[in-house]
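K.L.:
The structure follows.
The values are calculated or read from the model by the stated rules, or taken from the named source; none is laboratory data. Because the structure is a prediction, the values reported are computed rather than measured. Note that we place each Cβ from the backbone using ideal geometry, even for glycine, and neighbour counts take in every protein chain shown. Just so you know, the surface numbers come from the protein's heavy atoms only, side chains and all, with ligands and any DNA or RNA stripped out. Shrake-Rupley method; radii C 1.70, N 1.55, O 1.52, S 1.80 Å.
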Amino acid sequence: MNENDLRQIADCYPLAGRKPQQADTVIRIGRTAFGGGHFAVIGGPCAVESATQISVAAGVVRSAGAGLLRGGVYKPRTLPYSYQGIGEKGIAMLVAAGRSQGLPVVSEITAAEQIPFFAAVDVLQVGTRNMQNYALLQALAACRQPILLKRGLSATLQELLFSAEYLLAGGNPNVILCERGIRTYDTITRNTLDLAAVPLLKKLSHLPVIVDPSHGTGIRSLVLPMSLAAAAAGADGLLLEMHPDPEQALSDGEQSLNPDEFRQLMAALTQLRSVTGKQTRLADDQ
Ligand code: PEP
Ligand code: MN
């Protein structure tokens with residue numbers, strides 16, 4: 001495929017493409033921003049497990065200089081017997097923990113009926129299993145909050161951008177694309193992190209593109225190198241799982257950083273800034 005072919009593909013996206021909008025979309029959330037030279041880090045546990053766990057996590061996220069706090073309360077698990085999440089009451093815990101540290105919060109929504117519970121959540125995450133849940137996308141298009149749209153685990157980049165079109169066409173211009181690894185034949189890593197997706201998506205679309213190396217690899221020790229690689233590839237941010245005590249985590253402990261590892265990663269990202277030219281820390285931490 002040559003550059004001309006790529007330009008033709010870019011014409012397939014009436015709203016998400018670079019043709020209708022040349023300039024990068026910048027999505028500002030609290031004191032952070034994604035896109036247009038801004039780089040933001042979302043950190044926190046896979047799942048909100050208790051008020052104490054999420055408030056400790058929020059303290060680590062804030063002191064390390066990351067911009068947003070994450071935590072799932074509805075966990076779409078492959079096996080119905082796995083931990084399914086704390087549910088609606090976890091949203092209040094997440095929001096309180098975030099507010100106490102001045103951090104906007106991100107959480108995954110798995111059904112349109114949950115929208116009222118997410119009123120105080122700053123960014124609504126659509127998980128890999130729901131990227132092509134068009135009824136959910138249409139419902140979220142009417143929400144005022146930005147949407148973090150994760151790539152389906154077997155989705156092409158074309159399909160990811162078509163899903164983004166659903167949100168944009170329905171009236172929500174604030175869509176953050178997330179590469180989180182795709183299914184390949186390898187069995188050692190949980191997924192294969194497709195970092196070529198970053199510059200390619202940014203060529204085709206004006207939307208910010210972030211990377212989730214936690215689900216993208218499934219292996220804690222790979223999260224730091226792949227985070228740096230994502231930043232070097234031009235990503236506009238990262239989604240990182242960090243648990244105060246990963247060994248005790250109710251989900252995804254094996255890919256979750258501990259607080260020290262999270263701080264080391266933030267420090268390494270700050271050093272990379274001289275290469276990428278993107279801001280990685282909160283403005284008031286400089
Ligand atoms: C998550 O972010 O915790 C999650 C479930 O991600 P994904 O949808 O990418 O598997
Ligand atoms: Mn997870």
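K.L.:
So what is the 222 nm mean residue ellipticity for the chain from helices alone, if each DSSP H run of at least 4 adds -39500 (n - 2.57) and you divide by all residues, rounding to the nearest 500 deg cm²/dmol?
P.N.:
Taking each H run of at least 4 residues, the total per residue is -10500 deg cm²/dmol.
K.L.:
Let me ask something else. If only Cα atoms are counted, what is the Rg of the stretch 97-202, and what is its Dmax, in Å?
P.N.:
Taking only Cα atoms of the stretch 97-202, I get Rg and Dmax of 14.4, 43 Å.
K.L.:
Continuing with the same structure: Please report the carbon-and-sulfur percent of the accessible area for the stretch 1-157; probe 1.4 Å, protein heavy atoms only, DNA, RNA and ligands left out.
P.N.:
Roughly 55 percent of what the probe reaches on the stretch 1-157 is carbon or sulfur.
K.L.:
Among Val209, Val26, Val48, whose mean-square fluctuation peaks in a Gaussian network model of the chain (Cα, cutoff 10 Å)?
P.N.:
Most flexible of the set in this elastic network: Val26.
K.L.:
Relative contact order of the stretch 56-117: what whole-number percent is it, with Cα pairs under 8 angstrom and at least 6 residues apart?
P.N.:
Once divided by the residue count of the stretch 56-117, the mean separation gives 40 percent.
K.L.:
Which whole-number percent is the relative contact order of the chain (Cα, under 8 Å, 6+ apart)?
P.N.:
21 percent
K.L.:
Could you compute Rg(Cα) / (2.2 N^0.38 Å) for the stretch 1-65, with N its residue count?
P.N.:
1.73
K.L.:
Of the candidates Arg183, Arg62, Arg151, which one comes out as most mobile in a Gaussian network treatment of the chain with C-alpha springs shorter than 10 Å?
P.N.:
Arg183
K.L.:
Can you give me the distance in nm between label points at Thr78 and Leu6, each placed 7 Å from the Cα along the Cα-to-Cβ direction?
P.N.:
About 3.3 nm, to one decimal.
K.L.:
In square angstrom, what is the accessible area per residue of the stretch 154-286 with a 1.4 angstrom probe?
P.N.:
40 Å²
K.L.:
Roughly speaking, what is the centre-to-centre gap between the stretch 76-119 and the stretch 194-228 when only Cα atoms are used, to the nearest Å?
P.N.:
Result: 23 Å between the Cα centres.
K.L.:
Roughly what % of DSSP beta bridges within the chain run antiparallel, to the nearest 5?
P.N.:
Roughly 20 percent of the beta bridges in the chain run antiparallel, per DSSP.
K.L.:
Continuing with the same structure: Stokes-Einstein D for the chain at 37 °C, 0.692 mPa s, Kirkwood Rh over Cα pairs, in µm²/s?
P.N.:
Calculated translational D: 177 µm²/s.
K.L.:
Does the stretch 157-286 come out rounded, prolate or oblate, given a ≥ b ≥ c as the square roots of the eigenvalues of its C-alpha gyration tensor, rounded meaning a/c under 1.5 and, failing that, prolate meaning a/b above b/c?
P.N.:
Oblate, because a/c is 1.5 or more while a/b does not exceed b/c.
K.L.:
Give the relative contact order (percent, whole number) for the stretch 142-225; include only Cα pairs under 8 Å separated by 6+ residues.
P.N.:
28 percent
K.L.:
Give the aspartates and glutamates whose C-alpha is closer than 19 Å to that of Lys89, dropping any in the same chain fewer than 8 places away, or say none.
P.N.:
Within the straight-line cut-off, Lys89 pairs with Glu49, Glu108, Glu113, Asp122.
K.L.:
Follow-up question, since we're still on this one. Any idea what the dipole of the chain comes to, in debye rounded to 20, about its Cα centre with Lys/Arg Cβ at +1 and Asp/Glu Cβ at -1?
P.N.:
With only Lys, Arg, Asp and Glu charged at Cβ, the dipole is about 440 debye.
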